[in-house]
Amino acid sequence: MSGLFITVEGLEGVGKSTNLEFVKNWLVNKGLNVETTREPGGTNLAEDIRELLLTKREENVSETCELLMMFAARAQHIAQKINPWLEQGKCVLSDRFTDATYAYQGGGRQMDTSIINQLEDIVQNGLQPDFTLLLDAPAHIGLKRIQSRGFTDRIEQEKVEFFDRAREGYLARAKADPKRMFVIDASQPLEDVQTQIEATLTAFFKTREKT
Ligand code: TMP
């Protein structure tokens with residue numbers, strides 16, 4: 001596949017939306033044909049699954065059900081959007097992908113990561129992001145921001161300890177794959193965060209253009 005697959009990850013409230021827009025503009029200015037998308041979601045069916053996943057309900061949602069729905073949405077997203085875009089040589093910029101599953105279901109919910117590995121193999125058939133930005137900040141900072149917004153979804157209502165574990169899960173992923181996943185200190189003022197993002201993108205493209 002000739003396209004480029006870029007993902008942006010991070011806990012809630014770390015400024016993901018604002019910085020995704022910044023990354024998108026940077027890539028467009030570089031002359032890339034950019035398609036933006038998100039997970040869970042990205043197609044009509046996958047957005048329906050997202051709704052099912054994030055709706056608060058009285059019934060307890062089993063961890064396995066949650067995990068399978070994440071991957072069900074991902075399978076549809078890959079088949080309908082991500083793979084076709086990459087085949088057309090586009091730059092796909094996704095708000096979250098499988099690192100989020102390792103962080104939230106693996107870290108947050110403490111699920112066995114070998115199960116996530118197996119689903120990843122089945123659903124992705126080798127597809128991996130080329131480049132990932134992890135917007136990192138202590139969980140309590142982001143949670144304060146989303147709570148002040150006055151509405152939380154089913155996952156956002158988890159306790160801070162859940163998000164502490166998700167953060168550790170993300171950082172472990174970055175440590176294990178430092179050539180792909182870059183940690184940005186998102187607890188800094190926005191201008192500094194974007195300076196870090198720009199430097200990281202520039203360095204990534206410099207390396208890529210050399211090879
Ligand atoms: P969002 O708030 O970035 O739109 O993401 C929706 C929620 O879904 C967020 O709480 C993170 C969670 N999530 C997982 O738990 N596992 C996953 O694999 C993905 C993609 C998201």
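The values are calculated or read from the model by the stated rules, or taken from the named source; none is laboratory data. Keep in mind that what you see is a predicted model, and the values were worked out from it rather than measured. A quick note on method: Cβ atoms are made from the backbone with ideal geometry, for glycine too, and the neighbour counts reach across all protein chains shown. Just the protein is used for accessible areas: all its heavy atoms, side chains included, with ligands, DNA and RNA removed. Shrake-Rupley method; radii C 1.70, N 1.55, O 1.52, S 1.80 Å.
Numerical summary
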quantity	calculated
Inter-site label distance for Glu198 and Asn25 at 7 Å from Cα along Cβ, in nm	1.0
Cα centroid separation - the stretch 4-58 against the stretch 80-128, whole Å	13
Computed over the chain: relative contact order in percent, which uses C-alpha pairs under 8 Å that are six or more apart	32
Residues whose placed amide H lies under 5 Å from that of Val183, excluding near-sequence neighbours	Leu134
Span-rule helices in the chain, defined as complete DSSP H runs reaching 20 Å or more along the axis (Cα) with Kyte mean at least 0.0	63-77
The chain - mean residue ellipticity at 222 nm from DSSP helices (-39,500 (n - 2.57) per run, n ≥ 4, rounded to 500)	-16000 deg cm²/dmol
Low-density loop cleavage sites - GluC sites (Glu not before Pro) in the stretch 49-86, where at most 13 other Cβ are within 10 Å (DSSP)	Glu58, Glu59
Unit charges at the beta carbon, dipole of the chain: most positive-side option, Leu52, Val8, Gln147	Val8
Rg/Rg_globular for the stretch 4-210, with Rg_globular taken as 2.2 N^0.38 Å and Rg from C-alpha atoms	0.98
Extreme residue, positive dipole direction of the chain, given options Gln88, Tyr104, Phe204 (C-beta unit charges)	Phe204
Distant-in-sequence amide H partners of Arg38 (H built 1.01 Å from N, under 5 Å)	Asp95
Residue-normalised accessible area of the stretch 4-210, expressed per residue, 1.4 Å probe, Å²	50
Antiparallel DSSP beta bridges within the chain, percent to nearest 5	0
Lys/Arg +1, Asp/Glu -1 at C-beta; the stretch 4-210 dipole; positive extreme among Ala137, Tyr170, Thr195	Thr195
